[in-house]
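Undergrad: My questions all concern the structure below.
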Amino acid sequence: MTQLQKVKKAVAFIHKKTKNFKPEIAFITGSGLAGAIPPLENKITLSYADIPGFLQSGVPGHTGNLIFGTYKGKKLMVMQGRFHYYEGHPMKDLAISIRTMFLLGVEKLIVSAAVGSLDLQLPPGSVCVLNDHINFMANNPLIGNHDKAFGPMFFDLSEAYDKKMRKMAMDTAKKLKIKAKEGCYLAVTGPNFETPAEIRAFKKLGASVVGMSVVPEVLVARQCGIAVLGFAWVTNFGCGISKTPLSHEQTISESKKIEGKFKSLLEAVLPKI
Ligand code: HPA
């Protein structure tokens, strides 16, 4: 089966379950941030496991639900839990969920993630509003995975992260007194955290934050013309800057402290999108 056929199968199932609900905005929750979802009207929850063609997430802190509903008039689709390359999924398969969003009618995507910070002005608890990225995964979900139904093979990334939404998000964070700064996300495969030498190198390359997701999703979204807003929540300083050893438990416990803040930021941002 081609990826287009798989995606169409997923879309047909979702249409049936949601009575042809057409989401305009999609939101992907990051590690430990699954509770940051605003209250939705007419909420419908589907488990990834039940959707034909969909992958399953097996990482602690990542739930696997696709949620549909309306918030202040905005029609939303939420991926509660994402798929990571380090789980062993073929890189190509990471495109399926984003391409499903596209065929459902999504025009804007909000991605969120827990990250390590390389910037002293982005301490744990603050948010980096993404303005660019560096793909350090040495792989790409679009390789050998082209179908013109999902956009052109070659496409521009001079504004991978939508400038207008970025500014609006920064202004909103300021109003809510949430520490925020624009910056660049560097994607590694994981699952290990970085070495101190890698963190020093990534800083020299111009990265503000480092994480193990986001980039594959953004590449697929941009190919099919979906505009992206990215929130990278800092759970720790990068290895070597941080005084203590890093762990996934720390990522989750720091994210839990951030969840409430993120929810209020999202609730303020969504009506302006
Ligand atoms: N590195 C990579 N990914 C992360 C980190 C980190 O320090 N913290 C949370 N996700």
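Undergrad: Take LYS43 and ALA138, extend 7 Å from each Cα along the Cα→Cβ direction, and tell me the distance between the two endpoints in nm.
TA: Rounded to a tenth, the inter-label distance reads 4.2 nm.
Undergrad: Name the trypsin sites (Lys or Arg not before Pro) in segment 1-52 that are in a loop by DSSP and that have at most 16 other C-beta atoms within 10 Å, would you?
TA: Listed in order of number, the matching sites are LYS19.
Undergrad: Further, regarding this structure: What net charge is computed for the residues neighbouring PHE83, neighbours being all others with C-beta under 12 Å from the C-beta of PHE83, Lys and Arg scored +1, Asp and Glu -1?
TA: Neighbourhood net charge equals -1.
Undergrad: Suppose R0 equals 45 Å; then what is the FRET efficiency for ILE241 and GLU87 from their Cβ-Cβ distance, rounded to the nearest 0.05?
TA: 0.95
Undergrad: What relative contact order, as a whole-number percentage, does segment 190-273 give when Cα pairs under 8 Å and 6 or more residues apart are counted?
TA: Numbers: 34 pairs, mean separation 26.4, N = 84.
Rounded, it is 31 percent for segment 190-273.
Undergrad: Check the straight Cα-Cα distances from LYS92 and name the lysines below 22 Å, setting aside those fewer than 8 residues away within the same chain.
TA: LYS6, LYS8, LYS9, LYS108, LYS148
Undergrad: With each pseudo-label sitting 7 Å past Cα toward Cβ, what's the GLN121-ASN20 distance in nm, one decimal?
TA: About 5.0 nm, to one decimal.
Undergrad: Enter the angle in degrees (range 0 to 90, nearest 10) between the Cα long axis of helix 196-205 and the first principal axis of the Cα atoms of the chain, meaning the one along which they spread out most.
TA: Approximately 70 degrees, to the nearest ten.
Undergrad: Residue separation times 0.36 nm, minus the C-alpha to C-alpha distance between THR70 and ASP147: what's the value?
TA: Extra length from THR70 to ASP147 when fully extended: 24.6 nm.
Undergrad: Now for a separate question. Taking the Cβ of PRO124 as the centre, find all other residues whose Cβ is under 11 Å away and add up their charges (Lys, Arg: +1; Asp, Glu: -1).
TA: For residues surrounding PRO124, the net value is +1.
Undergrad: Going by average Cβ neighbours within 10 Å, how do the peptides 138-144, 23-29 rank, with the highest at the top?
TA: By packing density, highest mean first, the sequence is 23-29, 138-144.
Undergrad: Are any of the pairs LYS17/LYS164; LYS43/LYS75; LYS203/LYS243; LYS177/LYS243 more than 22 Å apart by Cα-Cα distance, and if so, which? Before the final figure, lay out each step's value.
TA: Numbers: LYS17/LYS164 34 Å; LYS43/LYS75 10 Å; LYS203/LYS243 17 Å; LYS177/LYS243 27 Å.
Correct reply: LYS17/LYS164; LYS177/LYS243.
Read the figures in this text as sums done on the coordinates, not as results from a lab. All values derive from a computational prediction rather than experimental measurement. Because the Cβ atoms are built from the backbone with ideal geometry, glycine has one as well, and the counts that use them run over all protein chains shown.
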